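Here is the structure we will look at.
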Amino acid sequence: MIRLLHTADWHLGATLQGWSREAEHRAALAQLVAIAKERAVDAIIVAGDVFDSLNPSADAQRLLYDTLRDLRAACPHARIALVAGNHDPAGRLEAPRALFEMADVMSIGAFARRDGVFDARPHLAPIRDAQGRVGAYLLALPYPRAADLPVGCESAVGAVREAYRQAVDSARREIGQGESGGESGMAPLIVTGHLHVAGGLESEGAERRILVGGEHAVPPEIFSADIAYVALGHLHRPQSVGRDTIRYSGSLIPMSKTEIDYAHGVSIVVIDDAGAVAVEHAPFSRSVRHLRTPATGALSIAELEPALQALDLDPTDPIENWPFVHLAIRVEGPAVGLKAEVDAICEKFPLRVVSMTVERPQAHTPAPTPLRLAERKPVDLFREAFEQTHGVAPTDDHLGCFERLLHEA
């Protein structure tokens with residue numbers, strides 16, 4: 001029996017409206033290391049988007065190396081594998097390969113080819129239990145960039161399907177050759193993927209549609225039934241797609257307001273000696289709160305300060321522990337000066353406002369009769385535009401200002 005810890009979408013170096021996420025990342029990664037040690041896992045798989053940027057900061061890179069050190073100390077025999085996602089600098093994950101190998105860490109940035117044919121050897125590694133027995137093999141495949149895909153396919157989906165077919169076939173040949181010398185049977189195969197698989201639920205505003213060629217997603221059927229487990233990255237919601245053994249572990253922390261209610265964590269995968277696979281989601285506790293204020297609907301300016309007081313925030317908390325707050329404000333007239341009013345109220349509280357939506361009452365008016373522009377008076381156009389923008393009619397002062405500007409023009 002072997003145990004895997006599947007994680008992805010760390011996005012180290014990410015910020016939220018300019019605020020650092022390092023404290024959240026460190027807290028989440030500390031929990032990841034603790035879970036890996038407690039469960040005595042035999043492999044840790046990071047399925048892409050290790051970094052948030054193609055040019056990660058020194059702090060982000062240091063956090064990766066600190067985490068790899070802690071994982072190696074917590075799980076001395078475990079296979080550790082990183083693959084590049086669409087956010088990652090593939091070359092930077094490939095370049096330190098010799099140093100990573102000294103710590104028994106796989107780091108894969110691109111598909112390897114030899115004489116134009118996929119070469120499974122750099123991507124393939126045995127996963128051994130604590131007694132050193134091979135319990136499975138890992139085929140670590142990164143996000144497939146255009147240069148990684150075979151030519152001559154009719155579509156991007158077809159090219160990804162063919163790339164995975166070639167990779168799995170090559171891996172099976174390598175495993176068969178390796179096992180002919182005395183290993184027992186054909187061990188289960190675990191494959192990684194940093195892709196949008198059809199049927200997976202997206203997080204609005206957080207995930208790019210990344211498949212090359214203008215197509216959106218690949219079907220789960222590209223992963224053949226003889227693959228024991230597919231460790232996916234890219235979508236931030238923990239979920240299985242197509243079948244229980246094709247799974248997104250989800251991101252470490254919320255990356256947008258649409259992810260506030262996700263149970264972020266890692267997937268623990270157990271493959272028994274008969275090849276049966278069991279998957280469990282191990283959630284994290286959140287070190288920094290992410291709040292919608294209000295939870296539903298919207299607040300008027302007059303209601304904002306009492307609502308923030310009701311959050312009962314601790315003014316002695318260090319700033320890195322202040323909650324991130326997403327506001328919804330209801331206005332019924334012009335919004336001139338609204339942001340300044342909101343800022344003045346929020347500055348009284350230990351919180352970090354990272355988004356604000358403005359909601360207006362919906363006006364139900366009959367559709368206007370189409371007219372040619374030459375038949376319209378400028379002041380009428382101004383009045384209609386003002387009402388559509390602010391939800392109320394312009395005052396005499398607004399109309400007077402418009403008439404002066406019109407005269408000057």
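At a Förster radius of 56 Å, what calculated FRET efficiency corresponds to the Cβ-Cβ distance of residue 401 and residue 145, to the nearest 0.05? Can you show the working numbers first?
Numbers: r = 54 Å, r/R0 = 0.97.
Calculated transfer efficiency: 0.55.
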If exposed trypsin sites (Lys or Arg not before Pro) are those in a DSSP loop with at most 12 other Cβ within 10 Å, what is the longest stretch of the chain that has none?
1-207
Simple spin-label model, 7 Å along Cα-to-Cβ: residue 129 to residue 356 in nm?
5.9 nm
Identify all aspartates and glutamates with a Cα-Cα distance to residue 37 below 12 Å; exclude those on the same chain that are fewer than 8 residues away in sequence.
70
How many nm is it between the label spots at residue 102 and residue 347, if each spot is 7 Å from the Cα in line with the beta carbon?
5.1 nm
In the set [x] 29.4; [y] 24.3; [z] 22.6, which value of Kirkwood radius over Cα pairs in Å was calculated from the structure you see?
[y]
Straight-distance crosslink candidates among lysines, where the alpha carbon sits under 24 Å from residue 257 and sequence neighbours closer than 8 are dropped
339, 348
Net lengthening on full extension, residue 40/residue 55 (0.36 nm per residue, minus Cα-Cα):
2.0 nm
To the nearest 0.05, how large is the calculated FRET efficiency for residue 154 and residue 272 if R₀ is 56 Å and r is the Cβ-Cβ distance?
0.90
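Report, in deg cm²/dmol and to the nearest 500, the calculated mean residue ellipticity at 222 nm for the chain, where each DSSP H run with n ≥ 4 adds -39500 (n - 2.57) and the sum is divided by the residue count. Kindly include the intermediate steps, with their values, before the conclusion.
Numbers: 9 runs with 113 residues, N = 409.
Only helices count here, giving -8500 deg cm²/dmol.
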Using the basic label-point model (7 angstrom from Cα toward the beta carbon), what is the residue 295 to residue 384 distance in nanometres?
4.3 nm
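Only the coordinates and a few stated rules stand behind these numbers; no lab work does. Keep in mind it's a predicted model, so treat the numbers as computed, not measured. Note that each Cβ is placed from the backbone with ideal geometry, even for glycine, and that neighbours are counted across all protein chains shown.
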